[in-house]
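Here's the structure, in structure tokens; my notes come after.
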Amino acid sequence: MRRMSFARRVLVQLAHPVLERSRVNRRLIAAVRDLPGVTLHDLYERYPAFDIDVRREQALLLEHDVIVFQHPFYWYSTPAILKEWQDLVLEHGWAYGKGGTRLHGKLTCNAITTGGPATAYQHDGRNRFTMRELLAPWDQTAFLCGMRFLAPLVVHGSFRLGSDEDVAPHAELYRRALLALRDDTLDLSRAQQASYLQDALPPAPSSTPATAAKEQP
Ligand SMILES: Cc1cc2nc3c(=O)[nH]c(=O)nc-3n(C[C@H](O)[C@H](O)[C@H](O)COP(=O)(O)O)c2cc1C
């Protein structure tokens, strides 16, 4: 079979400990599952006992140009397996430090769902910090590894999103974001500077507003 070629190969590292009970992440994944040039990797499914295969994970990273970490926001951070993944996979001499250049030039971002609304993630909001500020360890980790850290794609207010119809506009944005990353149609400096990746997407072919995912009533 002939392999299709794309500007960039995209890897989605999904981390949700109970995907069968997910309302939002499950639907986001369903919206991008069929995209050619995008590899989906479910970390909890693959490593239910956290027995992460470091060599396999490193090989996956090498095979892709864009690494997207998709996860619900847990305690202003990620589900535990992503921390374990970082601790084991990003080895000294491989990902950083002397000779650690294997990830240089790759793009990376987080695709996150939060229970809290967008207004809570502002300086005068309940959570006091912006999403970008809370993601500083991911930003700096990417920097240390020579990767370009892009703004996160965030779906806020997940508790209000119960149905397929509720999640559909966010799923559509996620699909557009992965396509833009894959096809190199994203303004990368804008995507690095923006608060949210959805604000840096090229115009939608339809009338979907680019900021829909972060607006909550
Ligand atoms: C252990 C745990 C910690 C959570 N911490 C946060 C948090 O820090 N901020 C927040 O906005 N939501 C938090 N939530 C809510 C989740 O982010 C929310 O349930 C999830 O994004 C919904 O996505 P899903 O439908 O795919 O599960 C937390 C939920 C759990 C179970």
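Below, the figures for the structure above:
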{"read-out": "Boolean, F143 is more than 21 Å from A177 (Cβ to Cβ) and among the aromatic types (F, W, Y)", "value": "yes"}
{"read-out": "Any pair with Cβ under 9 angstrom, 6 or more apart, that starts in the range 73-92 at a residue that is under 22 Å from R128 (Cβ atoms) and surrounded by 14 or more Cβ atoms within 10 Å (Cβ to Cβ) and ends at one that is modelled with pLDDT of 95 or more and among the basic types (K, R)", "value": "S77/K83"}
{"read-out": "Residue count, the range 124-150 (criterion: surrounded by 15 or more Cβ atoms within 10 Å (Cβ to Cβ), more than 14 Å from the ligand (Cβ to nearest atom), over 16 Å from K106 (Cβ atoms) and not charged (D, E, K, R))", "value": "0"}
{"read-out": "Residues of the range 151-168 that turn out to be within 11 Å of the ligand (Cβ to nearest atom), more than 15 Å from C109 (Cβ to Cβ) and aliphatic (A, V, I, L, M), as a count", "value": "2"}
{"read-out": "Residue list for the range 58-89, filter: out of contact with any Ser or Thr (no Cβ under 7 Å at 6 or more places or on another chain), over 22 Å from A7 (Cα atoms) and of a type outside the set (F, W, Y)", "value": "S77, T78, P79, A80, I81, L82, K83, E84, D87, L88, V89"}
{"read-out": "Exclusive hit being free of Cβ contacts under 8 Å to residues at least 40 places away in the same chain, within 16 Å of the ligand (Cβ to nearest atom) and of a type outside the set (S, T, N, Q), set D42, D53", "value": "D42"}
{"read-out": "Any hit, the range 87-109, residues being at pLDDT 95 or above, within 16 Å of the ligand (Cβ to nearest atom) and under 26 Å from G157 (Cα atoms)", "value": "no"}
{"read-out": "Test: residue in the range 6-15 that is surrounded by 13 or more Cβ atoms within 10 Å (Cβ to Cβ), within 13 Å of the ligand (Cβ to nearest atom) and aromatic (F, W, Y)", "value": "no"}
{"read-out": "Residue list for the range 16-39, restricted to those being among the aliphatic types (A, V, I, L, M) and away from the ligand (no atom under 15 Å from the Cβ)", "value": "L35, V38"}
{"read-out": "T114 being under 20 Å from the mean Cα position of the chain (by Cα), modelled with pLDDT of 95 or more and within 12 Å of the ligand (Cβ to nearest atom)", "value": "yes"}
{"read-out": "Subset of the range 95-138 [charged (D, E, K, R) and over 20 Å from Y174 (Cα atoms)]", "value": "K98, R102, D124, R126, R128, E133"}
{"read-out": "Among residues of the range 1-51, those that are of a type in the set (D, E, K, R), outside any loop (DSSP other than H, G, I, E, B) and under 15 Å from the mean Cα position of the chain (by Cα), counted", "value": "3"}
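The values are calculated or read from the model by the stated rules, or taken from the named source; none is laboratory data. This is a predicted model, so every value here is computed, not measured. Using ideal geometry, Cβ is built from the backbone for each residue, glycine included, and neighbour counts are taken over all protein chains shown.
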